[in-house]
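The values are calculated or read from the model by the stated rules, or taken from the named source; none is laboratory data. Predicted, not measured: the structure shown is a model, and the values here were computed from it. Note that we place each Cβ from the backbone using ideal geometry, even for glycine, and neighbour counts take in every protein chain shown.
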Ligand SMILES: Nc1ncnc2c1ncn2[C@@H]1O[C@H](COP(=O)(O)OP(=O)(O)O)[C@@H](O)[C@H]1O
Ligand SMILES: [Mg+2]
């Protein structure tokens, strides 16, 4: 946990690492993340191809009530979901040629206080997206996958919540 002091305000920037050893653990972990999400959140999922970004999106969507598979919107760039009255958008910007393409597809319309946006390959639209409230940085690990969770300095919501659940994952590190 890092503490910052700006203009008399103390902000906490939370960064925590988890090791998830198989796909099911990854999905369960994603559900614990989803429990903490609120409308207006923007989640970046960062990591190489095949590292598990879509797996985490699947867990989050399942938490909100989605049944079945999750197709990667590789060509359409975004897949909209309406789950129990919540608008959730899953982006996969891997094939985004130019960040300006986002403007043509009305990219900015997706980001508002009534939706939750989950983005794979946000780095392809650098400078054209809002600052994420949560960033999950995923990489390969000898025992599965390593996930760093970073929260926007001002929210301090995710990790402080359910510390017991997180202890389970921390035990593995
Ligand atoms: N924690 C994990 N440990 C081992 N394998 C995992 C883990 N999480 C996901 N996988 C596997 O990684 C593969 C790629 O996942 P996917 O979510 O499609 O990656 P991405 O969207 O990053 O390209 C899947 O076969 C999935 O079962
Ligand atoms: Mg994917």
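One line per residue, one yes/no per condition, for (1) in a strand (DSSP E or B); (2) out of contact with any strand residue (DSSP E or B) (no Cβ under 6 Å at 6 or more places or on another chain):
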position	(1), (2)
109	no, yes
113	no, yes
117	yes, no
130	no, no
Check: Which one of these does residue 84 not meet: (1) closer than 26 Å to residue 31 by Cα; (2) under 17 Å from the mean Cα position of the chain (by Cα)?
Finding: (2)
Notebook entry, point to check: So residue 79 fits all but one of (1) touching a residue at least 40 places away in the same chain (Cβ under 8 Å); (2) within 12 Å of ligand 2 (Cβ to nearest atom); (3) at negative phi; what number is the exception?
Noted result: (1)
Note to self: Testing residue 103 on (1) in a loop (DSSP other than H, G, I, E, B); (2) more than 30 Å from residue 144 (Cα to Cα), one condition comes back false. Which one is that?
What the structure shows: (1)
Notebook entry, point to check: Given the residues 129, 96, which is the only one that is within 16 Å of ligand 2 (Cβ to nearest atom) and modelled with pLDDT of 75 or more?
Noted result: 96
Checklist line | Subset of region 53-72 that is modelled with pLDDT of 95 or more and near ligand 2 (Cβ under 10 Å from one of its atoms) - its residue that is farthest from residue 83 (Cα to Cα) | finding: 53
Next item on the list: Tell me which residues, restricted to region 135-153, are in a loop (DSSP other than H, G, I, E, B) and either within 16 Å of ligand 2 (Cβ to nearest atom) or surrounded by 15 or more Cβ atoms within 10 Å (Cβ to Cβ) (or both).
Entry: 152, 153
Next item on the list: Look at region 104-134 and say how many of its residues are free of Cβ contacts under 8 Å to residues at least 40 places away in the same chain and loosely packed, with under 12 Cβ neighbours inside 10 Å.
Entry: 5
Notebook entry, point to check: Looking at this structure, is residue 68 surrounded by fewer than 13 Cβ atoms within 10 Å (Cβ to Cβ) and on the phi > 0 side of the Ramachandran plot?
Noted result: yes
Next item on the list: State which residue is surrounded by the most Cβ atoms within 10 Å (Cβ to Cβ) when the search covers only region 48-65 and only residues that are within 8 Å of ligand 1 (Cβ to nearest atom) and at positive phi.
Entry: 52
